[in-house]
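J.: Please read through the structure below; I'll follow up with questions.
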Amino acid sequence: MASALSLPERGFDDLPTEVAIVDSRGDIVYTNRAWRQFAEDNGYDGPDDFRDVNYLAVCEEFRDESEEAGRVADGIRDVLDGESDGFRLDYPCHSPTERRWFLLRAVPFEGEDGDRYALLMHLDITDRKLAELRLEERNRQLVSIAGVLSEDIRPPLSAAVRASEMLAESGGDEAWRLAQILHQIDAIVQTGTVLAENAPSLEFESVELRDVAESVWHRVEPGDASFLVVDSRAFLADRELLSYLLENLLATAVVRAGDAVRVRVGTAAEGFYVSDDGTDVAHQYETMFDSATSELEGETYSLATVARVAGIHGWDVKVGESDMGGTCVTVSGVTWV
């Protein structure tokens, strides 16, 4: 091994992690015991001291076969050229007998000779990756089960909803009540399906409040209701779940106040709000977000759903009186971008 760098070889050799140092050209000038042992166990037949081995050249040799090899070569080269303060990459390194993953970290430093070097560490993250893969598979299974259950229950439920609506038209409080309950069961199935399909693969991105609100308003069947986005900002959210949340709030406002309601959407100090000039329901705040209420009223269930979706994002939901005398639902805790 090269001794010009005065490396504390004993300390590095005691590390269970593969460690190497490359110079500014990419030549390997030091490897620890774990690195050499890993190379030997995996069929390496080059020099024991790795002299004349250029790490960048080895990566370049496999660039066409492995996307990761090219990324490693580019990342380490940027570190050595002073264009980056560090580089890291998770990559697979499977053997014929087992699946393995490693985390490569490259950290630059200046040697006593004034040259620029990079310390390379390969950390075994196989256990973590296998756990992630098991979780992903479980989530896929849950989504599949939710889809099957939804497909099985929706046809008979839709038939029951239509029958209950026909009974309600003929009069009678009980028939009307049955129709309401079936509509809520239908909403529960829809909510469960949406959450199951989105929760395993949440994608937080920059979304513009105006864009999402205006896109879902047309799905609400607003009738003669008026709609206005007062102001707008961008924040981080899962677009699909945010659309579902806003659609619930807008539909609730129309159902509660009728087709002539005025609905407004805008930003608040820490989030956004949906307000209307219908009935003020702020006094029902204590039970508003409890989906297990005995009455299972449509609005109560809808806002309980809103609270769940907000909770997935780490947001809070509050209900108060709007400036127009109706209800204002405020969602806070968003991250502005």
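J.: Based on this model, can you work out whether A199 counts as out of contact with any strand residue (DSSP E or B) (no Cβ under 7 Å at 6 or more places or on another chain), closer than 30 Å to G271 by Cα, at pLDDT below 85 and part of a helix (DSSP H, G or I)?
T.: Yes; evaluated as a whole, the condition is true for this residue.
J.: How many residues does the stretch 103-143 contain that are within 19 Å of G26 (Cβ to Cβ) and either surrounded by 14 or more Cβ atoms within 10 Å (Cβ to Cβ) or without any contact (Cβ under 8 Å) to a residue 60 or more places away in the chain (or both)?
T.: Step one: filter the stretch 103-143 for residues within 19 Å of G26 (Cβ to Cβ), giving 104-111, 113-122.
Adding the requirement that they be either surrounded by 14 or more Cβ atoms within 10 Å (Cβ to Cβ) or without any contact (Cβ under 8 Å) to a residue 60 or more places away in the chain (or both) leaves 104-111, 114-122.
Within the stretch 103-143, residues that are within 19 Å of G26 (Cβ to Cβ) and either surrounded by 14 or more Cβ atoms within 10 Å (Cβ to Cβ) or without any contact (Cβ under 8 Å) to a residue 60 or more places away in the chain (or both) number 17.
J.: Next up: Suppose we filter the stretch 207-233 for residues that are among the aliphatic types (A, V, I, L, M), within 19 Å of D277 (Cα to Cα) and either touching a Cys at 6+ places or on another chain (Cβ under 7 Å) or at pLDDT 95 or above (or both); how many remain?
T.: Of the residues in that region, 4 qualify.
J.: Another one. Select from the stretch 244-272 the residues that are over 23 Å from V337 (Cα atoms) and touching a strand residue (DSSP E or B) at 6+ places or on another chain (Cβ under 9 Å) and list them in ascending order.
T.: Result: L249, L250, T252, A253, V254, R256, A257, A260, V261, R262, V263.
J.: If a residue must be in contact with a strand residue (DSSP E or B) (Cβ under 7 Å, 6 or more places away or on another chain) and more than 25 Å from T97 (Cα to Cα), how many such residues does the stretch 33-54 contain?
T.: 3
J.: Right, something else. Which residue is farthest from the chain's Cα centre (by Cα), if the candidates are limited to the stretch 229-253 and must be within 18 Å of G311 (Cβ to Cβ) and of a type in the set (D, E)?
T.: My answer is E247.
J.: Hey, could you check the stretch 73-94 for residues that are out of contact with any Asp or Glu (no Cβ under 9 Å at 6 or more places or on another chain) and among the small types (G, A, S) and say which is surrounded by the fewest Cβ atoms within 10 Å (Cβ to Cβ)?
T.: G82
The values are calculated or read from the model by the stated rules, or taken from the named source; none is laboratory data. Nothing here was measured: the structure is a model prediction, and the numbers come from that model. Ideal geometry is used to build each Cβ from the backbone, glycine not excepted, and the neighbour counts take in all protein chains shown.
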